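Scroll down for the structure; my scribbles are underneath it.
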Amino acid sequence: MRAITWNICGASKTACWDWSFGDRYGKVGELAGWVQRDPRVSVVMMNESCKAYYGNYLKKQLNATGTGNWRVNHVNGLDLEKKTPFTCDPDINQPKDAGVTIAVKQFPGGDPKPLTLTFPSTNGRPEGTQRAACFKDGPNKFLACTVHLPAGGADPDGRQRAATVQSLHDQLLAYQEKGYRTIVGGDFNLKPDDSEIKPMYEDNFEADPQHGDTQKTGKIDYMFFSDYGWDLLNGNPILTGGSDQYNQHRLSDHWMMQGTVRVEK
């Protein structure tokens, strides 16, 4: 199976500079195109998305591929400093639902249920400010999550990212110890040599061990699989897509990241 994560740069026009942040047809079209071309794709993750504008449309387009029954979960992000929900720019008329989105294809005999993970607070911030959108498939013992950690401007000392990564690792490990295969991906806003990212390399392996660039500033997007239950086939940034807009970085300031695994026998 293959999982794809992409920061689609779809919530704030200001944060995305001149990128076509509101082009849902282009962004979702790239993801649906991968699903259409590759039946192994079973998990799709989006960061900086808006529930109604991107998440609902993603579900519609994935189910239209005829590749199976897709379910979608979206979790609203919260501003660390203002302690209020992130909002999408009014240009796309979708207020108060900016955050992260995950889609999973229903496996045979499975029943994926939406799940939200919360993390500890730091510096007096409310608990769970950086929440993860997940699906938990009990019958298949499978858990997939996506996260988007704060950038340096919102977390200058790195304490929130460190606390979130450690808590994320610990919660995934608790599921792994119950026999779950886990996947987590997203924009961690951390470089591979940053100390805050290190806990994720315990009890998990990264799909992209060569640390290929996912943004013009280097690698900050990741895909981690549990040591338990998976064999890695390959993982890397996707540097070519189905359109010139993707190839030219016109749909986002990030590349997609993919990881492909098989069930460990």
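The values are calculated or read from the model by the stated rules, or taken from the named source; none is laboratory data. Small disclaimer: the values here were computed from a predicted structure and weren't measured. Ideal geometry is used to build each Cβ from the backbone, glycine not excepted, and the neighbour counts take in all protein chains shown. Keep in mind that these areas ignore ligands, DNA and RNA; they rest on the heavy atoms of the full protein, side chains included. Shrake-Rupley method; radii C 1.70, N 1.55, O 1.52, S 1.80 Å.
Within segment 129-147, which residues are modelled with pLDDT of 95 or more, under 17 Å from the mean Cα position of the chain (by Cα) and either in a loop (DSSP other than H, G, I, E, B) or not hydroxyl-bearing (Ser, Thr, Tyr) (or both)?
Ala132, Ala133, Cys134, Phe135, Lys136, Phe142, Leu143, Ala144, Cys145, Val147 - these are the residues of segment 129-147 that are modelled with pLDDT of 95 or more, under 17 Å from the mean Cα position of the chain (by Cα) and either in a loop (DSSP other than H, G, I, E, B) or not hydroxyl-bearing (Ser, Thr, Tyr) (or both).
Any chance you could count how many residues in segment 62-93 are in contact with a strand residue (DSSP E or B) (Cβ under 9 Å, 6 or more places away or on another chain), open to solvent by 50 Å² or more (accessible area, probe 1.4 Å) and closer than 29 Å to Arg37 by Cβ?
3
Among the residues of segment 170-179, are any of a type in the set (A, V, I, L, M), assigned to a helix (DSSP H, G or I) and farther than 20 Å from Ile4 by Cα?
Yes, there is a match, as at least one residue in segment 170-179 is of a type in the set (A, V, I, L, M), assigned to a helix (DSSP H, G or I) and farther than 20 Å from Ile4 by Cα.
Got a number for residues in segment 36-57 being in contact with a strand residue (DSSP E or B) (Cβ under 8 Å, 6 or more places away or on another chain), over 17 Å from Ala144 (Cα atoms) and either open to solvent by 60 Å² or more (accessible area, probe 1.4 Å) or touching a residue at least 40 places away in the same chain (Cβ under 8 Å) (or both)?
Here the count works out to 6.
Could you list all residues from segment 129-178 that are under 30 Å from Asn69 (Cα atoms) and charged (D, E, K, R)? Break it down into steps so the answer makes sense when it comes.
In the first step, residues of segment 129-178 are kept if they are under 30 Å from Asn69 (Cα atoms); the result is 130-149, 168-169, 171-178.
Answer for segment 129-178, where residues must be under 30 Å from Asn69 (Cα atoms) and charged (D, E, K, R): Arg131, Lys136, Asp137, Lys141, Glu177, Lys178.
Pick from Lys96, Lys113: which is in contact with a strand residue (DSSP E or B) (Cβ under 8 Å, 6 or more places away or on another chain), at pLDDT below 85 and open to solvent by 30 Å² or more (accessible area, probe 1.4 Å)?
Only one candidate passes the filter, namely Lys96.
So Leu149 clears everything in (1) touching a Lys or Arg at 6+ places or on another chain (Cβ under 7 Å); (2) open to solvent by 10 Å² or more (accessible area, probe 1.4 Å) except one condition, right? Which one?
(2)
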